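The structure under discussion appears below in the form of structure tokens.
The values are calculated or read from the model by the stated rules, or taken from the named source; none is laboratory data. Every value quoted in this text rests on a predicted model; they were computed, and no experiment measured them. Don't worry about glycine lacking a Cβ; one is built from the backbone with ideal geometry, like all the others, and counts go over all protein chains shown.
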Amino acid sequence: MDLFEHQGKEFFAGYGMPVSDGEAVFSVDEAVAAAERLGTPVMVKAQVHAGGRGKAGGVKFAADLDAVREHAGNIFGLDIKGHVVERIWVEKASDIAEEYYASFTLDRAAKKHLGMLSKEGGIEIETVAEENPDAIAKVWVDPVDGLTEEACRAWVAAANLPAAAVEGSVEILQKLYTAYTEGDADMVEINPLILTPEGTVHVLDAKVTLDGNSEFRHPEYAQYDKTQPRDEREQSAHDKGLQYVGLDGSVGVIANGAGLAMSTVDVVNQVGGKSANFLDIGGGANADVMAGALEVINNDPAVKAIFINIFGGITRGEEVANGIIEAMARVEIDSPIVIRLDGTNADQGRAILEPNLSDKLMMEPTMLEAARRAVELAS
Amino acid sequence: MSIFVNENTKVIYQGLTGSQGSYYGRLNAEYGTQVVAGTHPKKAGADVDGVPIYANVADAVGATGATASCIFVPAPGVKGAVMEAAEGGVEFIVAITEGVPAQDEAYFFNDLARNYPDVQLLGPNCPGIISPGKCNIGITAGHIAKAGGPVGIVSRSGTLTYQALYELKQKDIGVTTCVGIGGDPVPGTSFIDCLEAFEADPETLAVMMIGEIGGSAEEEAAEFIRDHMSKPVASYIAGVTAPPGKKMGHAGAIVSGGKGTAAAKMEALEAAGVLVGNNPTEAGELMAGIVASL
């Protein structure tokens, strides 16, 4: 779950990190009013779940209210890497002496937390990693130990931050680690972390990805969940509790299990088609779940054929077959459906489907043949 | 032979009194697994289908001599359950539960590695382990697997594991052990742990490995296969067409920053001499070819 910059700053502030005062706004007038309350100069910043906002013209300095009005007018509606700006963060401008980079994420290979710190802030870390890898100081943290002050100091020293920035950075980085672990983030990033001419260290940007699995112990996640960018299809699937990812093809895909669903999307591609989505209905393919899945797929105007790929493990074939027939009775489906049913009690399941087969409901014996048929019907 | 478990493995079910635990506990027992105990902090003395419930894993181990534990408790309780199992004295822990926070997984993985280095954790978010005809711990449907050998299976995905077992059974190929390591970012047991065990197991003559996008576990496995394996490996990687930045169902299945793509994984495996199929069926056929030539 990705947070907007302003949500990330709120998240960081909750762990005692220094961020700038600001307001999230949704119109030009609100932006001007917010700037008036905050006092100019301010920064006018597009809030989208994408990097490269500055380059796209989504981050502007405004010396006075007229400039706020002009920049907000330009930024609202701006398309940044496919994300249209609908909200802006207006915050008090800061004087910058130096810009750094800091982040924590899980190093899956090392199975430890990885902290990265660099004097080369303000630009994308991938660029630094490529052009000047020595400029990134890394620290691996064992979750059982946590980030000790000693380890944090050694890390800051390795990054060669100037003496003026050391104390402030050590304090912020320890809080950043706490926010990352206790806040259940997959990733936290500050770019830039700045040193002001007055010698204080300050958080100027925030990129936070939270772990959806941890929602049960973070009631505050609910507000962030509401602002996730989802297209209409994804929102509808999300409301039904389905694992759905929208894609841009014409074959609607329903499968049980994440691996099989991914594999189904791949196979559709291999036989010359394109999937409209990834949809995992999980282990229990009952009528309710199947009806919900078919409804989501059916509402996607791009879908021209539907491929239901079920491998019964514990899920039994006859239950799946009954579920599909019951779901089809509940939801009027526009596109033809191709089913591949295999695994436990597949024979019984196929026997149930057999009398219901038509040019709207077809069955194929294997995954590949079913994919070919679905692609043919979609083109 | 089988890896990690065998017909003598006695298993405790943490969460046996719950709906999932009791359902799969019963199926596992029917398969022939030695389901010797369940645990529940407040239900000691009760039983589920005649299987006694103890207050905790230590008590259950003391009373039954169990060496393995299977966890079905809800996600918020998994961290505590894993550590309770290790402290209680089991050697092999299978955590089936999905939706466990990544921070918890990173914590108990390292806690186990440091304080209980002899304990092997499988999962979380995995289908479990089956040694066909001997022992089935978890949610795999036992009858889709043919007992015997010569193939060992290791997989990051549940349904694709079933698919692999089923395709081999259709071709009348037996399986020594099938390990579902799960699709989470910090799996307790890695591909390499399984490959190493299969390499050492005299009855396993070939290995089928099923991976998916995200992370670098397949690349690391490829390196291990190249340097340390004499037995042939066939493989399949799911997620060739997955768009970057989108989690494909599993918490670990995401292509980020251009890393973890299926193409890179397939390339690494092929370079290590692995036969890589473009879909599960093709991988099954490649394995059939390997078995025929053994």
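Are any residues in the range A:350-367 part of a helix (DSSP H, G or I) and among the β-branched types (Val, Ile, Thr), and if so, which ones? Reasoning before the result, please.
Looking only at the range A:350-367, we keep the residues that are part of a helix (DSSP H, G or I), and these are A:350-356, A:367.
Answer for the range A:350-367, where residues must be part of a helix (DSSP H, G or I) and among the β-branched types (Val, Ile, Thr): just A:Ile352.
Look at A:Ala370 and say whether it is within 14 Å of another protein chain (Cβ to nearest Cβ), touching a residue at least 24 places away in the same chain (Cβ under 8 Å) and part of a helix (DSSP H, G or I). Break it down stepwise before answering.
Details: within 14 Å of another protein chain (Cβ to nearest Cβ): yes; touching a residue at least 24 places away in the same chain (Cβ under 8 Å): yes; part of a helix (DSSP H, G or I): yes.
In short, yes.
Taking A:Ala159 as the residue in question, decide whether it is over 22 Å from A:Ala206 (Cβ atoms), touching a strand residue (DSSP E or B) at 6+ places or on another chain (Cβ under 8 Å) and assigned by TED's automatic domain parsing to the domain that holds A:Leu114. Break it down into steps so the answer makes sense when it comes.
Details: over 22 Å from A:Ala206 (Cβ atoms): no; touching a strand residue (DSSP E or B) at 6+ places or on another chain (Cβ under 8 Å): yes; assigned by TED's automatic domain parsing to the domain that holds A:Leu114: yes.
Spelling it out, it is not the case that A:Ala159 is over 22 Å from A:Ala206 (Cβ atoms), touching a strand residue (DSSP E or B) at 6+ places or on another chain (Cβ under 8 Å) and assigned by TED's automatic domain parsing to the domain that holds A:Leu114.
How about the range A:94-135: which of its residues are of a type in the set (S, T, N, Q) and in a helix (DSSP H, G or I)?
Kept after step one, since they are of a type in the set (S, T, N, Q), are these residues of the range A:94-135: A:94, A:103, A:105, A:118, A:127, A:132.
The one that is of a type in the set (S, T, N, Q) and in a helix (DSSP H, G or I): A:Thr127.
When the residues of the range B:9-30 are filtered to those that are within 13 Å of chain A (Cβ to nearest Cβ) and more than 18 Å from B:Cys126 (Cβ to Cβ), which remaining residue is modelled with the lowest pLDDT?
So the residue we want is B:Ser19.
Quick check, is A:Val59 in contact with a Lys or Arg (Cβ under 7 Å, 6 or more places away or on another chain) and without any contact (Cβ under 8 Å) to a residue 60 or more places away in the chain? Show your work before the answer.
Details: in contact with a Lys or Arg (Cβ under 7 Å, 6 or more places away or on another chain): yes; without any contact (Cβ under 8 Å) to a residue 60 or more places away in the chain: yes.
Yes, satisfied.
Working carefully through the options A:Gly284, A:Gly292, find the one that is within 21 Å of A:Met367 (Cβ to Cβ) and either modelled with pLDDT under 95 or outside the structural domain of A:Thr366 (by TED's automatic domain parsing) (or both). Full working, then the answer.
Details: A:Gly292 fails: within 21 Å of A:Met367 (Cβ to Cβ).
Being within 21 Å of A:Met367 (Cβ to Cβ) and either modelled with pLDDT under 95 or outside the structural domain of A:Thr366 (by TED's automatic domain parsing) (or both) holds for just one of A:Gly284, A:Gly292, which is A:Gly284.
Hand me the list of strands (runs of 3 or more DSSP E) wholly inside the range A:193-256 holding 2 or more residues that are within 12 Å of chain B (Cβ to nearest Cβ) and closer than 27 Å to A:Asn277 by Cβ. Spell out the reasoning first.
Values: elements: A:201-203, A:207-210, A:243-246, A:251-255.
Because the criterion is at least 2 residues that are within 12 Å of chain B (Cβ to nearest Cβ) and closer than 27 Å to A:Asn277 by Cβ, the strands (runs of 3 or more DSSP E) in the range A:193-256 that meet it are A:207-210, A:243-246, A:251-255.
When you go through B:Pro52, B:Pro41 one by one, which is the residue that is farther than 28 Å from A:Gly212 by Cα, more than 14 Å from chain A (Cβ to nearest Cβ) and assigned to a loop (DSSP other than H, G, I, E, B)?
Values: B:Pro52 fails: assigned to a loop (DSSP other than H, G, I, E, B).
Exactly one of B:Pro52, B:Pro41 is farther than 28 Å from A:Gly212 by Cα, more than 14 Å from chain A (Cβ to nearest Cβ) and assigned to a loop (DSSP other than H, G, I, E, B), namely B:Pro41.
Go through the range B:92-122 residue by residue and tally those that are modelled with pLDDT of 95 or more, assigned to a loop (DSSP other than H, G, I, E, B) and within 8 Å of chain A (Cβ to nearest Cβ).
Residues that pass the stated criteria total 2.
Scanning for something surrounded by fewer than 18 Cβ atoms within 10 Å (Cβ to Cβ), out of contact with any Cys (no Cβ under 9 Å at 6 or more places or on another chain) and without any contact (Cβ under 8 Å) to a residue 12 or more places away in the chain, does the range A:188-199 turn up at least one residue?
Checked against the condition, which is being surrounded by fewer than 18 Cβ atoms within 10 Å (Cβ to Cβ), out of contact with any Cys (no Cβ under 9 Å at 6 or more places or on another chain) and without any contact (Cβ under 8 Å) to a residue 12 or more places away in the chain, the range A:188-199 yields no hits at all.
If you check A:Arg340 against the conditions, is it more than 12 Å from chain B (Cβ to nearest Cβ) and in contact (Cβ under 8 Å) with a residue 12 or more places away in the chain? Show your work before the answer.
Values: more than 12 Å from chain B (Cβ to nearest Cβ): no; in contact (Cβ under 8 Å) with a residue 12 or more places away in the chain: yes.
When the stated conditions are applied, A:Arg340 does not pass them.
Considering every residue within the range A:325-333, establish whether at least one is in contact with a helix residue (DSSP H, G or I) (Cβ under 7 Å, 6 or more places away or on another chain) and closer than 18 Å to A:Asp280 by Cβ.
Yes, because at least one residue in the range A:325-333 is in contact with a helix residue (DSSP H, G or I) (Cβ under 7 Å, 6 or more places away or on another chain) and closer than 18 Å to A:Asp280 by Cβ.
Cβ-Cβ below 6 Å, separation at least six or inter-chain, first residue in the range A:132-159 and within 14 Å of chain B (Cβ to nearest Cβ), second in a loop (DSSP other than H, G, I, E, B) and surrounded by 13 or more Cβ atoms within 10 Å (Cβ to Cβ): which pairs?
So the pair list comes out as A:Val141/A:Leu147.
From the list B:Leu269, B:Leu294, pick out the single residue that is away from every other protein chain (no Cβ under 13 Å) and modelled with pLDDT under 95. Spell out how you get there, then give the answer.
Details: B:Leu269 fails: modelled with pLDDT under 95.
Going through B:Leu269, B:Leu294 in turn, the sole match is B:Leu294.
State which residue is farthest from A:Gln243 (Cα to Cα) when the search covers only the range A:21-49 and only residues that are small (Gly, Ala, Ser) and buried (at least 17 other Cβ atoms within 10 Å of the Cβ). Walk me through it before giving the result.
Within the range A:21-49, the first condition is being small (Gly, Ala, Ser), and the residues that meet it are A:22, A:24, A:27, A:31, A:33-35, A:39, A:46.
Next, only the ones that are buried (at least 17 other Cβ atoms within 10 Å of the Cβ) stay: A:22, A:24, A:31, A:34-35, A:46.
Numbers: A:Gly22: 35, A:Ala24: 30, A:Ala31: 37, A:Ala34: 39, A:Ala35: 41, A:Ala46: 29 Å.
So, considering only residues that are small (Gly, Ala, Ser) and buried (at least 17 other Cβ atoms within 10 Å of the Cβ), the one farthest from A:Gln243 (Cα to Cα) is A:Ala35.
Report, by residue number, each residue of the range A:350-365 that is within 14 Å of chain B (Cβ to nearest Cβ) and either charged (D, E, K, R) or surrounded by 13 or more Cβ atoms within 10 Å (Cβ to Cβ) (or both). Please lay out each step first, then the result.
First pass over the range A:350-365, keeping only residues within 14 Å of chain B (Cβ to nearest Cβ): A:364-365.
Matches in the range A:350-365: A:Glu364 only.
Among the residues of the range B:181-200 satisfying the criterion of being acidic (Asp, Glu) and within 19 Å of B:Val274 (Cα to Cα), which is farthest from the other protein chains (Cβ to nearest Cβ)?
Step one: filter the range B:181-200 for residues acidic (Asp, Glu), giving B:184, B:193, B:196, B:199.
Next, from what is left, pick out any that are within 19 Å of B:Val274 (Cα to Cα): B:193, B:196, B:199.
Details: B:Asp193: 12, B:Glu196: 17, B:Glu199: 21 Å.
Looking at residues that are acidic (Asp, Glu) and within 19 Å of B:Val274 (Cα to Cα), I get B:Glu199.
Do you know which residues across the range A:105-119 are crowded, with 17+ Cβ neighbours inside 10 Å, touching an Asp or Glu at 6+ places or on another chain (Cβ under 8 Å) and more than 10 Å from chain B (Cβ to nearest Cβ)?
A:Lys119
Out of B:Ile96, B:Ile153, B:Ile144, I need the residue that is farther than 20 Å from B:Ala238 by Cβ and crowded, with 24+ Cβ neighbours inside 10 Å. Which one?
B:Ile96
Results for (1) surrounded by 24 or more Cβ atoms within 10 Å (Cβ to Cβ); (2) in contact with a Pro (Cβ under 8 Å, 6 or more places away or on another chain); (3) touching a residue at least 12 places away in the same chain (Cβ under 8 Å), shown as yes or no for each residue.
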site	(1), (2), (3)
B:Ile210	yes, yes, yes
B:Ser216	no, no, yes
B:Lys231	no, no, yes
B:Met248	yes, no, yes
B:Val255	no, yes, yes
B:Gly258	no, yes, yes
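Determine whether the range A:283-293 contains at least one residue that is at the interface with another protein chain (Cβ under 9 Å from one of its Cβ atoms) and in contact (Cβ under 8 Å) with a residue 12 or more places away in the chain.
Restricting attention to the range A:283-293, the residues satisfying the condition of being at the interface with another protein chain (Cβ under 9 Å from one of its Cβ atoms) are A:283.
Within this subset, residues satisfying the condition of being in contact (Cβ under 8 Å) with a residue 12 or more places away in the chain are A:283.
Within the range A:283-293 (the criterion being at the interface with another protein chain (Cβ under 9 Å from one of its Cβ atoms) and in contact (Cβ under 8 Å) with a residue 12 or more places away in the chain), the answer is yes, since at least one residue qualifies.
Can you give me the number of residues within the range B:154-180 that are among the β-branched types (Val, Ile, Thr), within 12 Å of another protein chain (Cβ to nearest Cβ) and either in a loop (DSSP other than H, G, I, E, B) or without any contact (Cβ under 8 Å) to a residue 12 or more places away in the chain (or both)?
Going through the range B:154-180, the residues among the β-branched types (Val, Ile, Thr) turn out to be B:154, B:159, B:161, B:173, B:175-177, B:179.
Next, only the ones that are within 12 Å of another protein chain (Cβ to nearest Cβ) stay: B:159, B:161.
With either in a loop (DSSP other than H, G, I, E, B) or without any contact (Cβ under 8 Å) to a residue 12 or more places away in the chain (or both) added as a condition, the list becomes B:159.
Within the range B:154-180, residues that are among the β-branched types (Val, Ile, Thr), within 12 Å of another protein chain (Cβ to nearest Cβ) and either in a loop (DSSP other than H, G, I, E, B) or without any contact (Cβ under 8 Å) to a residue 12 or more places away in the chain (or both) number 1.
State all residues of the range A:261-278 that are within 9 Å of chain B (Cβ to nearest Cβ) and within 22 Å of the chain's Cα centre (by Cα); if no residue qualifies, say none.
A:Ala261, A:Met262, A:Ser263, A:Val265, A:Asp266, A:Ser275, A:Phe278
Which members of the range B:243-255 meet the condition of being facing chain A (nearest Cβ under 9 Å) and under 11 Å from B:Gly215 (Cβ atoms)?
B:His250, B:Ala251, B:Gly252, B:Ala253
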